[in-house]
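All remarks here apply to the structure that follows.
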Amino acid sequence: MKKYFFLPAFFLASLWALAQTDSIMNISLNEYVKDERFDKYQLTLALFLPQGDTIYSMDFEGTRPVVPIKIKKPQNCKSCAYGNVFFSGTSNPYNPGYVSVLVCGAYNKNPLLYIDQNQNFDFSDDSSYKLPYYEEKPLEVELSNAQLPGGKMKIVLTKNMLFGQKYEFKQYMDEYYEMAYKGRKFIGVEFTYREQRYITRGGFVRQNRESFKIALQDVNANGIYNEPGIDKVLFVNAYDTVFDATNPINFVIFSKKGKPTYFEKNDRLYEVVEADAAGKFIRIKHSNAEVNFNRIAVGKKVPNVKLTLVKGQKLKLSKLRRKEVYIYFGNRNSKNFHSDTLLLRQIAALDSNNLKVIFVLFVNKSYELRIYNSDADPNYLLAYGTKELTNKLKINSVPQGLYLGKRRRVKKYGLNPNEFMRAYLKEENK
């Protein structure tokens, strides 16, 4: 006869938690991804005429000495112009932090671009790339770190679109470059290119029911993606299309002095086990460590922040000082968004005389909050999510809950609506 042994439920739960904590997830970061600044970049690859075989280093608009540099041009390179692309992974002593480029046939429809990748100022040994005309496919080129060739960032160049621009604007831009870079001849803004850059590499986290996007960002644009105190780990919801590296709810900076790097996502704590210097992969695991992310201590007051409600009204937290307050932070792509918001309605109805519920919703456009308000008809306060709000209240991920006692004193961070309801009802029934 077979014998069956049953383990206690709490023991099985402990084993599951241990397995979840110790399981290391390897995430490939196979492609460049857009951060929130990518489409906002309005940088111009400024181009100047060389003086014979001499170009000049980037002088930051006169803030450091100009260095004349002798170059070697490719054969048959006529009507050429030169410029400088910011990339701090370079190692030459004449133009630190920049890679020099040469454009041959600068006034042609499709000039040729030479990038001095090896930093020897000999453009005859560099590859050439055809620059695009209006509406043509952008040129994408990778720059490699001198010490770590596999560590790269990508620049994207498109023809500057000036259709409809007034003559005064073009004249202003020409005069600006002539003034800011004295002694050089600017070729004209209509012959320049818009420069955008990919400095973020992303991938997808999938484990059981858990899914979100993760990325490494090369903040100082040197082709290295894991520098302590500088570079960032980014994380957004599975259906988000852009990584926002400006909002603390979507990133952490790599810890200094060899300390572990942690981040929160979807009510879970993760530890970064390893991040590839070239940004090709990241290894993470669930963690049960006690990490407070510089949160405001229990019993201490949070700042008297001003909330902007859905109809534009302003509300200071001090107005609710006689009540307990549960603040839920989320966005439409947050995990469990539908069930969490249904619970918010129930929580708001528990004890409206003593408990106030606020839903801080992060949206891309203000009208999205009004649409949600119209659809949901909430019985709780609905407010705009802002970076200032998350900074002041020390919120570092969404979804996230913050439970305040009377007079804005912290009672608990991290309670999701289900956990808050159970804790509140348990306290009420004592």
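The values are calculated or read from the model by the stated rules, or taken from the named source; none is laboratory data. Bear in mind the structure is a predicted one, so any value in this text is a computation, not a measurement. Virtual Cβ from ideal backbone geometry, glycine too; neighbours counted across all protein chains shown. Ligands, DNA and RNA are stripped out before the accessible areas are found, and what is left, the full protein with its side chains, is counted by its heavy atoms. Shrake-Rupley method; radii C 1.70, N 1.55, O 1.52, S 1.80 Å.
A few notes on this one:
- Extreme residue, farthest from Pro50 (Cα to Cα), among residues of region 167-194 that are among the basic types (Lys, Arg) and surrounded by 16 or more Cβ atoms within 10 Å (Cβ to Cβ): Arg194
- Scanning region 85-116 for residues that are under 27 Å from the mean Cα position of the chain (by Cα) and free of Cβ contacts under 8 Å to residues at least 40 places away in the same chain yields Pro96, Gly97.
- Restricting attention to region 310-333, the residues being farther than 21 Å from Lys387 by Cβ and open to solvent by 10 Å² or more (accessible area, probe 1.4 Å) number 8.
- The residue pairs whose first member lies in region 271-293 and is without any contact (Cβ under 8 Å) to a residue 40 or more places away in the chain and in a loop (DSSP other than H, G, I, E, B), whose second member is surrounded by 15 or more Cβ atoms within 10 Å (Cβ to Cβ) and of a type in the set (Asp, Glu), and whose beta carbons are closer than 8 Å, counting only pairs six or more residues apart or on different chains, are Ala289/Glu271.
- One residue from Asp267, Asp276 being at pLDDT below 95 and out of contact with any Gly (no Cβ under 6 Å at 6 or more places or on another chain): Asp267
- Entirely in region 198-256, the strands (runs of 3 or more DSSP E) that have 2 or more residues that are surrounded by 23 or more Cβ atoms within 10 Å (Cβ to Cβ): 200-207, 210-217, 232-237
- Single unsatisfied condition, Ser339 versus (1) open to solvent by 20 Å² or more (accessible area, probe 1.4 Å); (2) over 19 Å from Leu309 (Cα atoms); (3) touching a strand residue (DSSP E or B) at 6+ places or on another chain (Cβ under 9 Å): (3)
- Qualifying positions in region 298-348 - of a type outside the set (S, T, N, Q), farther than 17 Å from Leu381 by Cβ and modelled with pLDDT under 95: Arg332, Lys335, Phe337, His338
- Meeting the requirement of 3 or more residues that are aliphatic (A, V, I, L, M), the strands (runs of 3 or more DSSP E) wholly within region 60-129 are 98-104, 112-115.
- Hits in region 386-395 - residues which are open to solvent by less than 20 Å² (accessible area, probe 1.4 Å) and in a loop (DSSP other than H, G, I, E, B): Ile395
- Residue selected from region 257-277 under the condition out of contact with any Lys or Arg (no Cβ under 6 Å at 6 or more places or on another chain), of a type in the set (D, E, K, R) and open to solvent by less than 50 Å² (accessible area, probe 1.4 Å), by the criterion farthest from Asn333 (Cα to Cα): Asp276
- Test: residue in region 64-72 that is touching a helix residue (DSSP H, G or I) at 6+ places or on another chain (Cβ under 9 Å), modelled with pLDDT of 95 or more and open to solvent by 70 Å² or more (accessible area, probe 1.4 Å): yes
- Candidate set from region 73-94 (those that are closer than 21 Å to Lys185 by Cα and among the aromatic types (Phe, Trp, Tyr)); member that is least open to solvent (accessible area, probe 1.4 Å): Tyr82
- Any hit, region 261-283, residues being within 22 Å of Leu389 (Cα to Cα) and over 23 Å from the mean Cα position of the chain (by Cα): no
- The set of residues in region 295-310 being in contact (Cβ under 8 Å) with a residue 60 or more places away in the chain and not in a loop (DSSP other than H, G, I, E, B) consists of Lys301, Leu307, Thr308, Leu309.
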